[in-house]
């Protein structure tokens with residue numbers, strides 16, 4: 001009997017090591033793409049999330065035979081809640097521009113992959129990882145191609161005549177997700193006038209203008225329409 005229990009325990013340990021190893025590989029594959037893209041939730045973050053979700057799911061499965069009023073389903077439910085808080089931390093709202101939504105969604109999917117591994121759904125976990133890689137890596141070039149053919153706008157910014165303002169405004173627009181095709185700076189009376197030609201998804205142009213308006217050095221923003 002003792003030998004049987006020992007063998008069973010060893011089998012469980014090997015299965016757990018396999019799941020955690022796969023969690024490291026699959027979470028690392030997605031995290032590497034995020035790291036190479038310069039995103040805040042990179043390699044280590046995605047690995048740790050995948051490992052944690054896997055281990056929590058394994059623990060919840062082992063609690064099922066205990067009975068006695070133990071609700072093992074609460075653990076997976078709390079995984080989703082916890083990952084939601086982490087994802088919210090990856091979303092940034094700065095001066096009217098919202099960034100980090102893709103990173104938050106990636107964290108959510110990585111946790112789901114970890115839960116699938118914990119439930120021994122290996123094929124589903126690997127298949128989902130490959131699909132996520134295609135979406136993150138493959139569709140990025142498609143988005144860039146669409147952005148190149150998207151809307152353009154002409155913006156005039158009147159700002160305080162500080163030397164660093166023009167560079168800050170251009171960087172602010174680029175952070176909103178738009179490309180700056182041309183940036184012309186000139187002095188007009190007491191103002192510094194920055195003329196920007198912007199290109200990118202139409203939905204981002206209003207966000208960029210709102211971000212410019214919130215800059216402390218900006219007096220007015222107008223468009224060439």
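The values are calculated or read from the model by the stated rules, or taken from the named source; none is laboratory data. What you see is a predicted model, and the numbers here were worked out from it, not measured in a lab. As a convention, Cβ positions derive from the backbone with ideal geometry for all residues, glycine included, and neighbour counts pool all protein chains shown.
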Sole residue being more than 29 Å from residue 37 (Cα to Cα), surrounded by 18 or more Cβ atoms within 10 Å (Cβ to Cβ) and either modelled with pLDDT of 85 or more or more than 23 Å from the chain's Cα centre (by Cα) (or both), chosen from 184, 157, 190: 157
Can you say whether residue 96 is at pLDDT 90 or above and in contact with a helix residue (DSSP H, G or I) (Cβ under 8 Å, 6 or more places away or on another chain), as far as the supplied structure shows? no
Quick check, is residue 186 free of Cβ contacts under 8 Å to residues at least 12 places away in the same chain and part of a helix (DSSP H, G or I)? no
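So, in the range 32-59, exactly how many residues are assigned to a helix (DSSP H, G or I), touching a residue at least 24 places away in the same chain (Cβ under 8 Å) and in contact with a helix residue (DSSP H, G or I) (Cβ under 6 Å, 6 or more places away or on another chain)? First the steps, then the outcome.
First, the residues of the range 32-59 that are assigned to a helix (DSSP H, G or I): 32-36, 43-59.
Now narrow it down to the ones that are touching a residue at least 24 places away in the same chain (Cβ under 8 Å): 33-34, 45-47, 49-58.
From the residues that got through so far, the ones that are in contact with a helix residue (DSSP H, G or I) (Cβ under 6 Å, 6 or more places away or on another chain) too are 33, 46-47, 49-51, 53-54, 56-58.
So the answer is 11.
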Just checking, does the range 139-149 include any residue being in contact with a helix residue (DSSP H, G or I) (Cβ under 8 Å, 6 or more places away or on another chain), surrounded by 15 or more Cβ atoms within 10 Å (Cβ to Cβ) and either at pLDDT 85 or above or part of a helix (DSSP H, G or I) (or both)? no
Going through 25, 16 one at a time, which residue ends up being modelled with pLDDT of 90 or more and surrounded by 12 or more Cβ atoms within 10 Å (Cβ to Cβ)? 25
Answer with yes or no whether residue 166 is in contact with a strand residue (DSSP E or B) (Cβ under 8 Å, 6 or more places away or on another chain), modelled with pLDDT under 85 and not in a helix (DSSP H, G or I). no
Kindly check whether there is at least one residue in the range 30-37 that is modelled with pLDDT under 85 and under 16 Å from the mean Cα position of the chain (by Cα). yes
